[in-house]
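Below is one structure, written out as structure tokens; the observations come after it.
The values are calculated or read from the model by the stated rules, or taken from the named source; none is laboratory data. What you see is a predicted model; the values in this text were computed from it and never measured. Cβ placement follows ideal geometry from the backbone for every residue including glycine, while neighbour counts extend to all protein chains displayed.
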Amino acid sequence: MLGDNTINLASNGSSEYRIWKTYQQHKININSNERVIFCHTSFSRVYLKNTETIWSRLLPSHPLCDLILADIHDKQEDKFINILKQIWDEIYFKDTYDLMYKDLMSVPNSIHLNFFNDGCYYDIWTSNPGNINHMDETGNCMVLENISKEL
């Protein structure tokens, strides 16, 4: 449960760039004694301008969802498949992701969740599949327990 002083700036399906950019826009309003929780994503989730429409953005819960490679293939988002075939350079996307990730990891008083790329919560996520944040109740409770220890 979020407290009275909690501000939630998260949006479902955000790329690391969107996460980093949101923090950059709001960090001036964060006091040194406040906690910031980051939920990182995969390097293969690519920022998409807010004006673009994709299948995921039609869901009320995902109005600013960015592209993730697995979804564009599963949902047959041909327009984006063709673009990414032309520009995809895995080293570039990994390097830029790593730069933003490293910058966010340096934020004082921050807590970091990462369910992708063998992140700290990857095993919980893959062992407890479900429909709430891609996990079942057990997985979500395990994550909550870990975060609570850090708060």
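Here are the numbers:
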{"read-out": "Members of the stretch 41-64 found to be touching a helix residue (DSSP H, G or I) at 6+ places or on another chain (Cβ under 6 Å) and under 27 Å from SER106 (Cβ atoms), listed by number", "value": "THR41, PHE43, SER44, TYR47"}
{"read-out": "Residue in the stretch 54-71 that is in the same structural domain as LYS94 (by TED's automatic domain parsing), of a type in the set (Asp, Glu) and either at pLDDT 90 or above or more than 20 Å from PHE93 (Cα to Cα) (or both) present", "value": "yes"}
{"read-out": "Which numbered condition VAL107 misses (of (1) under 17 Å from SER42 (Cα atoms); (2) in contact with a strand residue (DSSP E or B) (Cβ under 8 Å, 6 or more places away or on another chain); (3) of a type in the set (A, V, I, L, M, F, W, C))", "value": "(1)"}
{"read-out": "Selection status of ASN117, at pLDDT below 90, touching a Gly at 6+ places or on another chain (Cβ under 9 Å) and over 25 Å from ILE30 (Cα atoms)", "value": "no"}
